[in-house]
Amino acid sequence: MSAIFNFQSLLTVILLLICTCAYLHTLAPSLLDKHKTGILGIFWKCARIGERKSPYVALCCAVMAVAILFSE
């Protein structure tokens, strides 16, 4: 089933996107600039969420890992 139609998979993809963008922003800050438009602008926003809300993102990642571990 596609990640769009499965809510748990959609949340997993969003969390992975946020974590990946935050990591890439720490490695190469000029790659994800706040003045970019389009898809790179969305990646910058995901990186900003990952940087500012990192304890909550980490908690969500841990909860999702436990949920996936014990599902089915």
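The values are calculated or read from the model by the stated rules, or taken from the named source; none is laboratory data. These numbers were taken from a predicted model, which means no experiment stands behind them. Note: ideal-geometry Cβ built from the backbone for every residue, glycine included; neighbour counts use all protein chains shown. Each accessible area value is taken on the protein alone, full model and side chains, heavy atoms only, with ligands, DNA and RNA left out. Shrake-Rupley method; radii C 1.70, N 1.55, O 1.52, S 1.80 Å.
Once you have the Cα-Cα distance between residue 66 and residue 51, take 0.36 nm times their residue separation minus that, and quote the gain in nm to one decimal.
Here the answer is 3.1 nm.
Give the cysteines in the chain for which no other Cys Cβ lies under 4.7 Å away, or write none if there are none.
Lone cysteines by the Cβ rule: 19, 60, 61.
Quick check: at a probe of 1.4 Å, how many percent of the accessible area of the chain sits on carbon and sulfur atoms?
71 percent
Figure the gain on full extension for residue 28 and residue 16 (residue separation times 0.36 nm, minus the Cα-Cα span) and round it to one decimal in nm.
Taking residue 28 through residue 16 to full extension adds about 2.5 nm, to one decimal.
Can you sort 30, 54 by solvent-accessible area, 1.4 Å probe, largest first?
30, 54
Using a 10 Å cut-off on Cβ atoms, rank the peptides 56-69, 12-25 from the highest mean neighbour count down.
Answer by packing, highest mean first, reads 12-25, 56-69.
Using the heavy atoms of the protein chains alone and a 1.4 angstrom probe, what is the accessible area of the chain per residue in square angstrom?
76 Å²
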